[in-house]
Amino acid sequence: MNLLSGNEAIARAAFDAGATVGVAYPGTPSTETMEAFATFEGVYAEWCTNEKVAVEVGLGAAASGVRVLATMKHVGLNVAADPLFTASYTGVNGGFVILAADDPGMYSSQNEQDSQFYGQAALVPVLSPSDAQEAYDFTRDAYGLSERFDVPVIIRSSVRISHTKTRVEVREREAFAPKAYESNPAKWVMMPAFAKPRRLVVLKRVEEMRDWVETCPYNRQEMRDRAIGIVCAGASYQHVREALPDASVLKLGVTWPLPEKALRAFEDEVDRVYVIEEGSDYLTQAVKATGVTVHETPRPLSRAGELSPGAIRTAFGIEEPPHRSMRSDLPGRPPALCPGCPHRLVFRELSRLRAIVTGDIGCYTLGALPPLGGMDTCVCMGASVSMAHGFELGLKAPGRQDSAKRPRPVVAVIGDSTFMHSGLSSLVSTIYNAGAGTVCILDNRTTAMTGRQGNPANGVTLQHRTSHEIDLEAVVRACGADAVSVVDPQDAAAVRSALKEATSNGTRLDVIIFKSPCVLLERKNEPPFTVTSACTGCGVCATLGCPAIASDPETGLSSIDPVQCCGCGQCAQYCRFDAIKQD
Ligand SMILES: Cc1ncc(C[n+]2csc(CCOP(=O)(O)OP(=O)(O)O)c2C)c(N)n1
């Protein structure tokens, strides 16, 4: 018996099923899955540059005949959607399981999505575990399923399942002998002449899976009070059991395809069928499409955010037991860049420049928050560079009423991992189309936001194999950027002059690589700085948003917390009164 998170259980199940290849791009709440898989003996695991690459590497390995695990967060599945949809046509050979970990409530994501829609759209089965034991069991069996139907299988998790530890009984490890590979262009070369017959194979497989799902062991009917019958899956099942312990439940383990006969049989057993789910109406619509009458809850359940037992009780008009309310005098702890973070001064200087900053996803997105306030947009990985090009085009478009005003420079800001993920192709497109502007690559030598994973720009691989560190400067130069510089982002004057120089020319494309390690990689154990009596309370140091700096609400005088201060000296560079000194 083991205490495992859903992510750890998925990794263990893949290993026990004989998977020997793991491919991923990190993303909360999926990241620990591949980190756990990588620790098992005899497996090969790698961080890929992005999720599309991961699924393609995985598909190649599966085609060769081995069992493969690919992991990603929900938005990663958007990136991987292209190979996924056609992998449904080619099939797999060795079992291919793809974890898509959803983030209802957006604890660490730019949007909420329901990955089950992808299964439905790509005609790929979706298994939705409700705890770590099911995460283990479903993943373990998904390999057999994948090979039986010759199709990738999606394990759809969500933050509660991925990160909650429950007791897991594991089964004996299977010795999986890799399957033979034989060339078969009619199955693997998806040009129209071959894809058309494969489409018929896909549709036939769907019918076979629809038969299988009626009797598969992952869907179960739990009969209790028959007045209320709830259809649910995943984390929602746990919330339903807690909120409505007496209700009858049809718990779905397979959420695409749905067991139509089992659903109709459940409808016959209960007075009213309700569907409880979080983040989308995928299941509601899919159950309705089987002909089952789905009733509205007496009060509506929000489609925004995570579900909770309280929200379900309220939806059914049941009074909520009183909660102890949180103390109102607790200090707020908004997210902030760490003391010493090499991203900080870039945003401080960008906000001085009044630049239009197209941002991207990573720790540096926090540069959008006050007091730095140095970012205008953040949409998806890689979008900073392409959106900057779009802004340039739009701002220079003829006939603009506001074009006479002093033009604001357009600056894209992107992290090293994000640049490698999808910023590079955007930069190539901008250069190809003779775009102008400034691109800042914030190279903190790691993928900090998701827990300091390696990436091509630092050459650290998941299993610490010898690797190549991709030379960002050489790559950008080879692409043909007009001007390329490498600047120390801990040096305020250097940051200021590099940005000023780059943004002063409206026709050039400048790339500045701000290179300095994340403080969590190399914490400077320098003595902390202190504020001397020369402080005038001007508050400039506070505009850096360093968590170690506080201002007295009455006097405005600054102070530095010696425990948080890492001795980086960023603030001292901004003090005009020389009042910040190192001990
Ligand atoms: C498509 C997609 N995949 C993964 C993620 C999760 N994620 C957010 S930011 C990020 C990488 C951040 O690394 P980097 O660009 O180096 O910036 P840093 O956090 O180090 O400042 C990742 C993997 C995501 N948001 N979207």
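Odds and ends about this structure:
- Amide H contacts for Val23 (H built 1.01 Å from N in the peptide plane; partners 5 or more residues away or on another chain; cut-off under 5 Å): Glu46, Leu69, Ala70, Thr71.
- Beta bridge orientation in the chain: antiparallel %, DSSP, nearest 5: 25
- Amide hydrogen neighbours beyond the local backbone of Val511, cut-off 5 Å, H modeled: Val439, Ala483, Val484, Ser485
- The value for segment 2-215 of Rg(Cα) / (2.2 N^0.38 Å) is 0.94.
- Under the Karplus curve 6.51 cos²θ - 1.76 cosθ + 1.60, θ = phi - 60°, whole-Hz ³J(HN,Hα) for segment 95-107, x wherever Gly or Pro sits: x, 10, 10, 10, 8, 10, 9, 8, 10, x, x, 6, 5
- Residues within the reach of a label modelled at Asp271 (point 7 angstrom out along Cα to beta-carbon, backbone nitrogen below 13 Å), restricted to segment 236-264, are 247-248.
- Annotation: peptides 224-234, 283-293, 173-183, ranked by per-residue average of other Cβ atoms within 10 Å with the highest first, follow the order 224-234, 283-293, 173-183.
- For the pair segment 426-470 / segment 47-120, the C-alpha centres are spaced 21 Å from each other.
- Residue order by solvent-accessible surface for His323, His239 is His323, His239, largest first, with ligands and nucleic acids left out and a 1.4 Å probe.
- Surface calculation, 1.4 Å probe, protein heavy atoms: Cys341 sits at approximately 10 Å² accessible.
- Segment 139-166 and segment 262-329 have Cα centres spaced 24 Å apart.
- Under 22 Å from Lys515, Cα to Cα: lysines that are on another chain or at least 8 residues apart: Lys500, Lys524
- Residues Thr466, Thr532 ordered from highest to lowest accessible area at a 1.4 Å probe: Thr466, Thr532.
- Helical content of the chain, expressed as a calculated mean residue ellipticity at 222 nm, amounts to -10000 deg cm²/dmol (DSSP H runs of 4 or more residues, -39,500 (n - 2.57) each, divided by residue number, nearest 500).
- Along its first, second and third principal axes, ordered by size, the chain spans 78, 64, 57 Å in Cα coordinates.
- By accessible area, using a 1.4 Å probe on protein heavy atoms only, segment 220-315 has 45% of its surface on carbon and sulfur.
- With protein chains left intact and a 1.4 Å probe, residues in the chain average 44 Å² of accessible area per residue.
- Angle in degrees between helix 51-64 and the longest Cα principal axis of the chain, rounded to the nearest 10: 40
- Within the accessible area of segment 474-583, the carbon and sulfur atoms contribute 52%, probe 1.4 Å, all protein chains present.
- For segment 1-60, the fraction of 1.4 Å probe accessible surface lying on carbon and sulfur atoms is 54 percent.
The values are calculated or read from the model by the stated rules, or taken from the named source; none is laboratory data. Note that this is a predicted model, so its numbers are computed, not measured. Using ideal geometry, Cβ is built from the backbone for each residue, glycine included, and neighbour counts are taken over all protein chains shown. The area values use the complete protein model at the heavy-atom level, side chains included, leaving out ligands, DNA and RNA. Shrake-Rupley method; radii C 1.70, N 1.55, O 1.52, S 1.80 Å.
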